[in-house]
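Sharing a structure, written as structure tokens. Questions coming.
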Amino acid sequence: MERIGLEQEVASCELYNSIAQMMIIKYRSWHGERKERLKKESARYMASEKGRTAVKKETEFNRKAFLVKQAEKNDDVLVGDPHDVVLTREVRDALADRAREAVMRRFVRDYTSSEVDPTKKAVEAAYRYLVRSYEIISETHGPFHPSSGTACLAVASVQGVTGSHGESRE
């Protein structure tokens, strides 16, 4: 009778693993769609008047910081209006690129800070299912059995997917 209960528990691991995989697929799918949504929204923002104005302000800030840095580097004193200083096209382009990147990062940070991940609970549940599966297999076959190793890797993969890389190594 004990053997039948043990077999059912081991069989339940298959079910735990299947459910966990569906939850992980849901998580990955949502995050893939989120990435595409962010690309579209950030492109829309950068093309808007508000985005262009933010880039202009950031470019001007970068220009002034560059000129101050150059003056300090050469032990010069920046005299007069920074707009009177002529920069090479290469430097102007680099400053504008840096400004666009900074504005884009701020937009993405602000946009994502208000977003709630609806798949977070699903991934947490997947983690719990896989941990339970590992516990059953490890208890049944021992910690050094190949099935225990596979179950342990499944737990680590969930942690890797969610960015808990330090924990997944343990």
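The values are calculated or read from the model by the stated rules, or taken from the named source; none is laboratory data. Predicted model, so just to flag it, every value in this text is computed and none were measured. All Cβ positions, glycine included, derive from the backbone under ideal geometry; neighbour counts span all protein chains shown. The accessibility values were calculated without ligands, DNA or RNA, using every heavy atom of the protein model including side chains. Shrake-Rupley method; radii C 1.70, N 1.55, O 1.52, S 1.80 Å.
What single numbered condition from (1) open to solvent by 40 Å² or more (accessible area, probe 1.4 Å); (2) touching a residue at least 12 places away in the same chain (Cβ under 8 Å) fails to hold for residue 94?
Failing condition for residue 94: (2).
Please pick out the residue among 69, 73, 64, 56 that is modelled with pLDDT of 90 or more and charged (D, E, K, R).
Matching residue, one of 69, 73, 64, 56: 56.
Continuing with this model, one more query. Only one of these is touching a residue at least 12 places away in the same chain (Cβ under 8 Å) and within 30 Å of residue 58 (Cβ to Cβ): 122, 99, 126. Name it.
Numbers: 122 fails: within 30 Å of residue 58 (Cβ to Cβ); 126 fails: within 30 Å of residue 58 (Cβ to Cβ).
On inspection, the qualifying residue turns out to be 99.
Next up: What's the total number of residues in segment 9-31 that are of a type in the set (Gly, Ala, Ser), surrounded by 13 or more Cβ atoms within 10 Å (Cβ to Cβ) and more than 17 Å from residue 159 (Cβ to Cβ)?
Qualifying residue count for the region: 1.
Related question: Which condition breaks for residue 132 when tested against (1) charged (D, E, K, R); (2) touching a helix residue (DSSP H, G or I) at 6+ places or on another chain (Cβ under 7 Å); (3) part of a loop (DSSP other than H, G, I, E, B)?
(3)
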